[in-house]
Amino acid sequence: MHTTALVLFSGGQDSTTCLAHALSRYERVETIAFDYRQRHSVELDARLKVLAEIKRQFPQWGAKLGEDHLLDLAVLGEVSETSLTRDTAFELEASGLPNTFVPGRNLLFMTLAAAVAYRRGLQVIVTGVCETDYSGYPDCRDDTMKAMQLALSLGLDKRFLIETPLMWIDKAATWKLAQDLGDASGVAGGGQALVDLIVEHTHTCYLGDRSHRQAWGYGCGTCPACELRARGHAAYVAGCSSVSV
């Protein structure tokens with residue numbers, strides 16, 4: 001039986017939902033993030049606020065939260081010529097992939113997360129990768145995660161479970177999942193509280209914009225991450241409205 005987990009936690013909508021998922025399931029949950037000199041490095045500050053708010057608003061979950069880890073991956077930024085690590089416009093490459101794709105990023109993240117999980121005695125690694133609402137990133141695919149689970153378990157001689165709660169749902173369903181997890185937390189009004197927390201404190205915008213407040217949170221409103229989050233939020237709100245009617 002799995003009782004402990006390590007969540008790849010960037011401080012965005014997806015990773016916060018994954019953190020809530022882990023806190024609803026496991027007895028001890030630790031978090032990990034990576035500073036790879038991303039343009040939207042403001043997420044590294046946002047994630048600390050999110051952790052603080054979860055502890056404050058969901059004390060039963062807060063009691064399960066263990067150590068938070070931040071690893072310096074400057075080398076990833078040095079070898080990446082992408083719009084997430086350089087001041088360049090967002091566009092599609094000749095390969096058909098968006099230039100937001102950072103080659104090897106998730107593979108490196110998962111390898112280092114497994115090393116930390118090994119050292120900390122954690123059984124499950126939780127990540128917010130998704131095939132449904134993604135930009136074609138090959139390192140977000142279910143097959144990639146299954147291959148990583150096998151390779152890491154063999155290479156470290158320890159059986160890890162890689163859990164991907166968002167793999168087969170779209171962004172609207174991710175908002176709904178957060179609501180459901182909050183409702184099941186035991187906190188009165190927890191579903192709306194978690195949704196509001198995600199809106200107010202998480203960060204997704206690739207440009208690192210925290211000056212413009214949208215209905216779905218802070219961001220420029222025009223980068224690919226903002227557009228995806230906005231569409232998902234609009235569909236989620238529309239779905240809630242149709243149910244209430």
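Here are the numbers for this structure:
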quantity	calculated
Helices (runs of 4 or more DSSP H) lying entirely in the stretch 50-144 (those with 1 or more residues that are modelled with pLDDT of 65 or more and farther than 30 Å from G189 by Cβ)	74-79, 105-120
Lone unmet requirement of (1) free of Cβ contacts under 8 Å to residues at least 40 places away in the same chain; (2) under 19 Å from the mean Cα position of the chain (by Cα) for R231	(1)
Check on A178, touching a residue at least 24 places away in the same chain (Cβ under 8 Å) and under 26 Å from D72 (Cβ atoms)	no
Residue list for the stretch 1-51, filter: at positive phi and under 11 Å from the mean Cα position of the chain (by Cα)	G11
Members of the stretch 164-215 that are crowded, with 23+ Cβ neighbours inside 10 Å and among the aromatic types (F, W, Y)	W175
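The values are calculated or read from the model by the stated rules, or taken from the named source; none is laboratory data. As the structure is a computational prediction, the values presented were derived from the model and not from experiment. Neighbour counts run over all protein chains shown; Cβ positions are idealised from the backbone, glycine included.
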